[in-house]
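Contents: one structure, followed by commentary.
What follows is calculated from the coordinates using simple rules that are stated; it is not laboratory data. Nothing here was measured: the structure is a model prediction, and the numbers come from that model. Counting neighbours? That spans all protein chains shown, and the Cβs are built from the backbone with ideal geometry, glycine included.
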Amino acid sequence: MEQNIDDTILKIENLAKCFAQKTIFSAMNLEMKNGEIIALLGPSGCGKSTLLRMISGLETVEEGSISVINSDGNKIIRGDENNVDAKLVGLIFQKPVLFPHLNVAGNIMLGMKNPPAKKLQKEVAEKYLDDVGLSGFSNSSIETLSGGEAQRVCLIRALISEPKLLLLDEPFSALDIKSRRKIAQETKQLLKLKGISALHVTHDAEEAELISDRVLIWQELVG
Amino acid sequence: MNNFSIEKKYFNYLKCLIGASAVIIFAIISFAPLFFAIERLQLVTGVSVISAMSSFADRPANMDSLTFTLVEASFSAVATVLIGLPIAWHLARSEWKHVRLVRALLAVPFVTPSIVAAMGFLALISQGGILWSIGIDLRLESGFIGTISDTFGWQHPGHFIALILAHAWFNLSLVIRFVEPPLATFDPRWEEQLSLLPGGNSRINRLRNLWIPFIGPAVLCAAAMTFLFSFTSFALVKWLTPFSETMESSMANMGGAAGIMGYRVDASLVILSTSAIQFLILMLTLILITLLQRRNNSRVSMISENVARHNRGKLSNVGKGTIFLGMVFTLAPMISIFIASFRIRSSIGSGQFTERYSFDAWVAAWQGDLSYVSASEALTNSVTYAIVTLLISLPLGWIISSTIHSLEKSNNVKLAKIVDVMSMLPLAISAVMVGLGILLGILRYNSSLFSFFLLPVLPHIMLTTPFVVRIMTPAMRAIDPVFEQQARLLNLSPIKCWWHGRLSFLRGPAIVAASLTLAFSLGEFGASWILVRTGSWDTLSILVDQLMSRPKFDPMVQPVAMATASMLMILTFTLFVFAERFRPKGDGGGI
């Protein structure tokens, strides 16, 4: 591990990914500053989700490097081992992943490093739910939530785990335009409030503009 | 009203009539003999069922059999889960070839007749068997098994261990059938999401927050079913723990003396009280299983098995080792029977023996040299009973399933549940209880019916119809109604709509149900052991038991019994392989 000397949170150098001898992308370079929100705009199937999975450690890195700065200010270089660190990176999937055996409060508690006692969980969850306009939902069953509500719960859960970097894999793509705009704006506000850096991938230019400080085009990043 | 509507109206009336008749016929077949049996036993003993139950603890032997049954069934359930869970885990969570073949082989024990399983484990633990040859003597309890016995004052630990292992072997496929399909189709995103959250950043957290809620009910359900089957196990207990009695074996042993006016009233009282207590325990277990199965309807999203396997990568070395050991455990008793059927002991004087290998035992079994009926005659009896059972059980089970499904579709959910539970009830009555029920019921009603050749078919119908219902009902629920609707829009007649929209989708499950009905009927032991009182009706499973019960000074006795058991094993194995070809991919098994 090297000591971080600048304000960079993510540095990708000459990254490539192949599946079954087919190159998905190659020679990718990207640098991201602390607290920055970047939207990465690219067509479907170009490898955006794969990139996020590689950054989060769910997918291996065989060529090139990804450096993420951890909570101690040290640089973690993703090697070819799967190295998932919940304290460092959070990921919100395209389709909300909420555990059906738990209610909304139970799902939110999974994001807490030190969850409160059972009887206090509802109260604590309500505080967070209020931030995304879901007051009174803490006891709700996951199955009763709409797509937008479920994705907001995922967002809250990811934010309270206090990651240094949050990765968003087209999380609003299943929502209607109006809801998408609203939730994109809310997400940006929350990220800025908490000072969390985020890399948001999407194929929707308007959504990219709404949520980010800077929009990058996929084709410009790869070789 | 157009012609189609009129036709449909009459077709629906006919369907209702047939459905109601099937449900009533099954209820009569299942419960009338038991009702008559209870009435007979109450008449002979002069006490009611409730009084008999309250006097159960007065007889120490009753309490001994209750304690032993509870202990062996609980140990069997725990052992089955401990052995089955790692196998199910590795079977489900990797991409590898031949997974379907291995899965099918691991499921073979469940359809293996219990008497064959008993012979397999006897061959495994006897002198010359695989376990004996590696220094584990469970039969004579010498060596370290003897040391365990001496140290802890535990009587016959070897026999107990053999019984637990045999029950684990028999029920292994339950754990695999329940746990493996949800694991194999589990969407990896759930695991990935949890690993990125503090609530899932350690193995313990993932176990608590993901695996226990996700597969816990399935594991408990498999354990409860193992408990149920081990509780009512008869052939394995009879042959592997001859020094201890379960409730089932104590009823079977006393059954011959029960129900006769003025004779051995104590035997009738034991049967009445034991069967009532056993019925209560089995009912409670069945209720638990039903509740667990409801919770087991996982709401976590599933994806294609192939995609999930591909995401998880190749099988690890630990996985390979686990599957290999699982296969050895599954195949060892079956191979042992086969080897034992060729191994014949010869005396060389001074109490010394040598062994030779030949086909003599197969020839002797086929010709019936050692028994009243030959294996060929017993095979004819078995096949006849199995075919008659199939001809009644399959249509009966099909119609009951169709009735349940129709009631569910027409929002009569409560009535559908009542019919569903009613069709399951015979599972709460063990094979020996069914046999005794019919025996005593007929004694009460008309004893001349004992000479009716097809009498053993009755318990076979009771025991196999619930399995047909369990296979056909989910298959009917899974049919997309759009096909039947499309057929209607094409103006086809109701019969053609049914043919194209439903029957074509039910062919596979029906073949699976038919093959398993044949296999279960061929291997049925408990009820047949009670009912088959004249040698000329002996089935293969009864013949194996009779042969094995003979004194063993004749060196041909054991090999002939093993050869007969091998024939039964080959027959059920063939049926099972046939059924597996028609089982849908990723299916939990229906049973």
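Give me the one-decimal Kirkwood hydrodynamic radius in Å for chain B, with the sum taken over alpha-carbon pairs. Show your work: numbers first, answer last.
Values: mean 1/r = 0.0389 Å⁻¹.
Averaging 1/r across every pair of different Cα atoms and inverting gives 25.7 Å.
Please name which of A:200, A:92, A:144 has its Cα lying farthest along the dipole of segment A:8-221 towards the positive end, using unit charges on Cβ (Lys, Arg +1; Asp, Glu -1) and the Cα centre as origin.
A:144
Could you give the size of the charge dipole of the protein assembly as shown about its Cα centre, using +1 on the Cβ of each K and R and -1 on the Cβ of each D and E, expressed in debye and rounded to the nearest 20?
My answer is approximately 1280 debye.
Only four residue types carry charge here, +1 at the Cβ of Lys and Arg and -1 at the Cβ of Asp and Glu. Report the dipole size of chain B about the Cα centre in Debye, rounded to the nearest 20.
With Lys and Arg at +1 and Asp and Glu at -1, about 1920 debye.
Each residue of segment B:119-125 in order: what ³J(HN,Hα) in whole Hz does its phi give by Karplus 6.51 cos²θ - 1.76 cosθ + 1.60, θ = phi - 60°, with x for Gly and Pro?
Per residue, the Karplus-derived 3J(HN,Hα) values read 5, x, 6, 4, 5, 6, 9 Hz.
Out of A:57, A:34, A:163, whose Cα points farthest toward the positive end of the dipole of segment A:8-221 (charges: +1 Lys, Arg; -1 Asp, Glu; placed on Cβ)?
Toward the positive end, the furthest listed residue is A:163.
With r defined as the distance between the Cβ atoms of residue B:266 and residue B:50 and R0 fixed at 22 Å, what FRET efficiency is calculated, to the nearest 0.05? Intermediate results must be reported in sequence, preceding the final value.
Numbers: r = 18 Å, r/R0 = 0.84.
Computed FRET efficiency for residue B:266 and residue B:50: 0.75.
Taking amide H positions as placed in the peptide plane 1.01 Å from N, state which residues far from residue B:95 in sequence (5 or more) or on other chains have amide H under 5 Å from it.
B:313, B:314, B:315
State, as an integer percentage, the relative contact order of segment A:136-223 based on alpha-carbon contacts under 8 Å between residues 6 or more apart.
Over segment A:136-223, the number comes to 28 percent.
Which of rounded, prolate, oblate describes segment B:289-441, given a ≥ b ≥ c as roots of the alpha-carbon gyration tensor eigenvalues and a/c under 1.5 marking rounded, otherwise prolate only if a/b is larger than b/c?
Oblate.
Which shape class, rounded, prolate or oblate, goes with segment B:1-151 when its Cα gyration tensor gives a ≥ b ≥ c as root eigenvalues, a/c under 1.5 marks rounded, and past that a/b bigger than b/c marks prolate?
Oblate shape, in that a/c is at least 1.5 and b/c is the bigger or equal ratio.
Please turn the phi angles of segment B:161-176 into ³J(HN,Hα) values with the Karplus equation 6.51 cos²θ - 1.76 cosθ + 1.60 (θ = phi - 60°), one per residue in order, whole Hz, x for glycine and proline.
4, 4, 5, 4, 4, 5, 5, 5, 4, 5, 9, 3, 5, 5, 4, 5
Filter A:22/B:314; A:95/B:320; A:48/A:194; A:22/A:95; A:118/A:164 down to the pairs with a C-alpha to C-alpha distance above 23 Å, please.
A:95/B:320; A:48/A:194; A:22/A:95; A:118/A:164, as the Cα separations exceed 23 Å there.
Long-range amide H contacts for residue A:40: which residues qualify at under 5 Å (H placed 1.01 Å from N, peptide plane, sequence gap of 5 or more or a different chain)?
Amide H to amide H, under 5 Å and 5 or more residues apart or across chains, residue A:40 pairs with A:200, A:201, A:202, A:216.
Once the Cα gyration tensor of segment A:8-221 is diagonalised, what are the square roots of 5 times its eigenvalues, in whole Å and ordered largest first, as equivalent ellipsoid semi-axes? Spell out each step's value before the answer.
Numbers: eigenvalues 170, 74, 49 Å².
That gives 29, 19, 16 Å for the three semi-axes.
Considering only A:202, A:23, A:60, give the residue with the highest GNM mean-square fluctuation for chain A, with springs between Cα atoms whenever their separation is below 10 Å.
A:23
May I ask for the longest run of chain B untouched by chymotrypsin sites (Phe, Trp or Tyr not before Pro) that are loop-located per DSSP and have at most 13 neighbouring C-beta atoms (other than their own) within 10 Å?
B:1-153
Quick one: putting +1 on the C-beta of Lys and Arg, -1 on the C-beta of Asp and Glu, what dipole do you get for chain A around its Cα centre, in Debye to the nearest 20?
The calculated dipole for chain A is roughly 620 debye.
Given a cut-off of under 8 Å on Cα pairs at least six residues apart, what relative contact order in percent is computed for segment A:8-221?
28 percent
Okay, helix-only estimate at 222 nm for chain B: each DSSP H run of n ≥ 4 adds -39500 (n - 2.57), divide by all residues, round to 500 deg cm²/dmol; what do you get?
Details: 27 runs with 426 residues, N = 591.
Computed mean residue ellipticity for chain B: -24000 deg cm²/dmol.
How large is ³J(HN,Hα), in whole Hz, for each residue of segment A:164-174 in order, when computed from phi with the Karplus curve 6.51 cos²θ - 1.76 cosθ + 1.60 and θ = phi - 60°, using x for Gly and Pro?
Each residue of segment A:164-174 in turn: 6, 9, 10, 9, 10, 9, 6, x, 9, 5, 8 Hz.
Just going by the charge dipole of chain B, with Lys and Arg at +1 and Asp and Glu at -1 on Cβ, which of B:140, B:190, B:398 is farthest out on the positive end?
Value computed over the given set: B:190.
Please list the non-local residues whose amide H lies under 5 Å from the amide H of residue A:24, H modeled 1.01 Å from N, same-chain partners needing a gap of 5 or more.
A:17, A:18, A:19
Let me make sure I get this right: for the protein assembly as shown, a, b and c are the square roots of the gyration tensor eigenvalues over alpha carbons, sorted descending. Under 1.5 in a/c it's rounded, otherwise prolate if a/b > b/c, else oblate. Which is it?
prolate
In the Gaussian network model of chain A, springs joining C-alpha atoms below 10 Å, which of A:96, A:115, A:171 carries the largest mean-square fluctuation?
Looking only at A:96, A:115, A:171, the biggest GNM fluctuation is shown by A:115.
Using helices alone, what [θ] at 222 nm do you get for chain A, with -39,500 (n - 2.57) per DSSP H run of 4 or more residues, divided over all residues and rounded to the nearest 500?
Details: 7 runs with 72 residues, N = 223.
Computed ellipticity for chain A at 222 nm equals -9500 deg cm²/dmol.
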